[in-house]
Amino acid sequence: MIRAGRGGTFATDWVENSIIGIGWDFDGLDIANMDRDQIRAAYAAAHPAESKQKVATSVGQVFRFAHSMEQGSTVVMYDPAERLYHIGVISGPCSPVPEPEGITYTRAVTWNKTALRDVLSQSSKNSLGGIQTIFAISAEVMADLESAASHKRPAAGGGLACNPDESAQDSSDDSSSDDEALTATYDNGIELIKDRVSQLGWEDMERLVAGMLKAMGYCARVTPKGPDGGRDVIASPDALGLESPRIVAEVKHRKGAMGAPAVRSFIGGLRAGDRGLYVSTGSFTKEARYEADRANVPVRLLDLDSFVRHYVEVYDKTDDETRSILPLTRIWWPA
């Protein structure tokens, strides 16, 4: 398993370009031809202020990417926007990126399967939420991923509980740094919240969108049921709805990706001075995002991942009614 950056920021690029990558900087050195001690010396020289633990953590992860992950090995990467685990086979050596922008080394991958997160067992979801950039997946969890890729569930009683020893790191040097653990813990929390949102009814989802807009400082209301022309929630700076900008929100609580026709129809129903917000707990196709980008009025598309991250940001300002729909607990982390 390899993380595609914080919040899966590199996931789409990795799939489109058939690669995986890491961001540790070694000034372009050929780490594929360096042993662990050489990698440790090079990293320590480039980062003299870092603690021994952080150096050990980074070196362990880099060595795993460059050497332990052999060509022909199976690799898994998660795309939080699509809620998909991409499964592939490593098909090339570790190579430095000539002009790095966030990613410094890559490896070629042949992606051949995808598995929906919602189809996995809870124990597999927990196991796949490891806190490191690169970590091993147990045989049981891999079997669950393969089963999910074919949209079939294992037989009841199959026992997919992960053996901690199997998914643990293979070196004491691989203990996580506080920064890495904090980032991973936050992202794992986002995924658990997304799981909970997926279980809500469509009415609660509309109320949740209205509650989030209220927390952002708008007066928001859910529109009465009936032919609404894509107006599930209306929000404005004032309680009477007379001031601008007025936000018109459509909420689709479903798993499938929304296409360009749906977004085009929504945009067509907006009036002059409106601002459009389209929330889908599924995702949006590239064509749908293009329709929003070229609209004559400002339109924002929020998939499940984007919505949850916005909700978490404003949660402290939400009212009791909104919190009753999706209550959260804050976790404190030492600075």
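Report, in debye and to the nearest 20, how large the dipole of the stretch 201-325 comes out about its Cα centre when Lys and Arg carry +1 and Asp and Glu carry -1 on their Cβ.
In total the dipole reaches around 360 debye.
As a check on your grasp of the helix formula, calculate [θ] at 222 nm for the chain: sum -39500 (n - 2.57) over DSSP H runs of n ≥ 4, divide by the residue count, round to the nearest 500.
Calculated from helices alone, the mean residue ellipticity at 222 nm is -10500 deg cm²/dmol.
Check the straight Cα-Cα distances from LYS194 and name the lysines below 16 Å, setting aside those fewer than 8 residues away within the same chain.
Once the sequence-local lysines are set aside, what remains near LYS194 is LYS125, LYS252, LYS255.
At a 1.4 Å probe radius, carbon and sulfur cover how many percent of the accessible area of the stretch 87-139?
56
Just the number please: accessible area per residue for the chain, 1.4 Å probe, all protein chains included, in Å².
Details: 16640 Å² over 335 residues.
On a per-residue basis, the chain sits at 50 Å².
Tell me, what ³J(HN,Hα) does each residue in the stretch 238-244 have, in order and in whole Hz, if you take phi through Karplus 6.51 cos²θ - 1.76 cosθ + 1.60 with θ = phi - 60° and put x for Gly and Pro?
10, 5, 7, x, 9, 8, 9
Find the Cα radius of gyration of the stretch 91-144, compare it with 2.2 N^0.38 Å by division, and give the number to two decimals.
Expressed relative to 2.2 N^0.38 Å, the Cα Rg reads 1.47.
Any idea what log10 I(q)/I(0) is at q = 0.13 Å⁻¹ for the chain, Debye with uniform C-alpha scatterers and no solvent?
Result of the Debye calculation: -1.05.
Give a residue-ordered list of calculated ³J(HN,Hα) values for the stretch 81-86 (Karplus: 6.51 cos²θ - 1.76 cosθ + 1.60, θ = phi - 60°; whole Hz; x for Gly, Pro).
Per-residue couplings from phi come out as 5, 9, 6, 10, 8, 8 Hz.
Taking a cut-off of 17 Å between Cα atoms, list the lysines near LYS317, but don't count ones fewer than 8 places away on the same chain.
LYS214
Could you pull the Rg and Dmax for the stretch 1-88, using just the Cα atoms, both in Å?
Reported Rg and Dmax, both Å: 14.3, 39.
Which cross-chain or sequence-distant (5 or more) residues have an amide H under 5 Å from the amide H of ILE19, H modelled 1.01 Å from N in plane?
VAL109
For the stretch 201-325, what percent of Cα pairs sit more than 17 Å apart?
55
Just to confirm the number: angle between the C-alpha axis of helix 202-215 and the first principal axis of the chain, 0 to 90 degrees, nearest 10?
Computed tilt is about 90 degrees.
For the ranges 98-108, 81-91, 198-208, what's the packing order if you count other beta-carbon atoms within 10 Å of each residue, average per peptide, and put the highest first?
Ranking, from highest mean packing down: 81-91, 198-208, 98-108.
Just for the chain, what percent of DSSP beta bridges are antiparallel, to the closest 5?
65
For the pair ILE131 and ASP30, what calculated FRET efficiency results from E = 1/(1 + (r/R0)^6), where r is the Cβ-Cβ distance and R0 = 22 Å, to the nearest 0.05? Provide the component values of the computation, followed by the final result.
Values: r = 29 Å, r/R0 = 1.32.
Efficiency, from the Cβ-Cβ distance: 0.15.
In degrees, nearest 10, range 0 to 90: what is the angle between the Cα axis of helix 178-198 and the longest Cα principal axis of the chain?
Computed tilt is about 40 degrees.
Using a 1.4 angstrom probe on heavy atoms only, work out the carbon and sulfur share of the accessible area of the stretch 201-325 in %. Don't skip to the end; give the middle numbers.
Numbers: 3110 of 6250 Å².
Looking at the stretch 201-325 in its full context, I get 50 percent from C and S.
Between the stretch 25-82 and the stretch 241-261, how far is it from one alpha carbon centroid to the other, in angstrom?
A separation of 43 Å, based on Cα centres.
Taking the highest mean first, how do the peptides 210-223, 241-254 order by number of other beta carbon atoms within 10 angstrom per residue?
Packing order, densest peptide first, comes out as 210-223, 241-254.
The values are calculated or read from the model by the stated rules, or taken from the named source; none is laboratory data. Values in this document were obtained by computation on a predicted structure and should not be read as measured data. Every residue, glycine among them, receives a Cβ derived from its backbone with ideal geometry; neighbour counts consider all protein chains shown. Remember, those area values only see protein heavy atoms, side chains included, never the ligands or the DNA or RNA. Shrake-Rupley method; radii C 1.70, N 1.55, O 1.52, S 1.80 Å.
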